Amino acid sequence: MSRTTKQVGMFALLLSADQLSKWWIQQADFHSFTVIPGFFNIIRAYNPGVAFSMFAGLPAAVRPWLLLGVTIGIAIAVLFWWWQERHRSGITSWLLTMILAGAAGNIWDRIQLGYVVDFIDWHMRIGSTDYHWPAFNIADACISVAVVLLLVTSFKKG
């Protein structure tokens, strides 16, 4: 099996996991629950913005189209980058595949729903202070992990 075929398979697997998890969260009989008390919950959240709900305050008539256009534009740029990298050794094309899968999952949500479905909820208390990370999903995790690893691997030994 070629490297490209494996990456397309990984893309399909990640996109499927993202969409199936979001489908499950949106079922009428879904109820939020605690996975690890004081740290990790599974919830249902709708994000009309982008990361950390940025741009959620834009006018509703403009926001979905603007965010969809920007997201699709970035995904096309990453797709061209992946196309150039797909046969090269190393991890870059695999990380770009993760970004593309995450982007596709969130683009699909925006097209179908007008917002992105989030459900992973991390929080903790240190002393008397509560820390709460904004809810996210598998697509967001794919993008975030891949971007961090791209940055780390971009530092070459000199």
Answer from Leu100, Leu67 - the residue that is at pLDDT 95 or above, under 16 Å from the mean Cα position of the chain (by Cα) and of a type in the set (A, V, I, L, M): Leu100
Identity of the residue in the stretch 40-51, surrounded by fewer than 17 Cβ atoms within 10 Å (Cβ to Cβ) and at pLDDT below 95, that ends up nearest to the chain's Cα centre (by Cα): Ala51
Positions within the stretch 54-96 being among the polar types (S, T, N, Q) and touching a residue at least 24 places away in the same chain (Cβ under 8 Å), in sequence order: Thr71, Thr92, Ser93
Given (1) among the aromatic types (Phe, Trp, Tyr); (2) under 15 Å from Phe11 (Cβ atoms); (3) more than 14 Å from the chain's Cα centre (by Cα), number of the condition Trp133 does not satisfy: (2)
Checking Gly114 against (1) out of contact with any helix residue (DSSP H, G or I) (no Cβ under 7 Å at 6 or more places or on another chain); (2) within 21 Å of Phe30 (Cβ to Cβ), the condition it does not meet: (1)
Near pairs, Cβ below 9 angstrom, 6+ apart or cross-chain, from the stretch 129-142 (assigned to a strand (DSSP E or B)) to any residue that is surrounded by 11 or more Cβ atoms within 10 Å (Cβ to Cβ) and polar (S, T, N, Q): Phe136/Asn47; Phe136/Ser144
Top-ranked residue in the stretch 14-37 [being free of Cβ contacts under 8 Å to residues at least 60 places away in the same chain and under 14 Å from Gly102 (Cα atoms); ranked as surrounded by the most Cβ atoms within 10 Å (Cβ to Cβ)]: Ser16
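The values are calculated or read from the model by the stated rules, or taken from the named source; none is laboratory data. These numbers come from a predicted model, not from an experiment. No Cβ is skipped: glycine too gets one built from the backbone with ideal geometry, and neighbour counts run over all protein chains shown.
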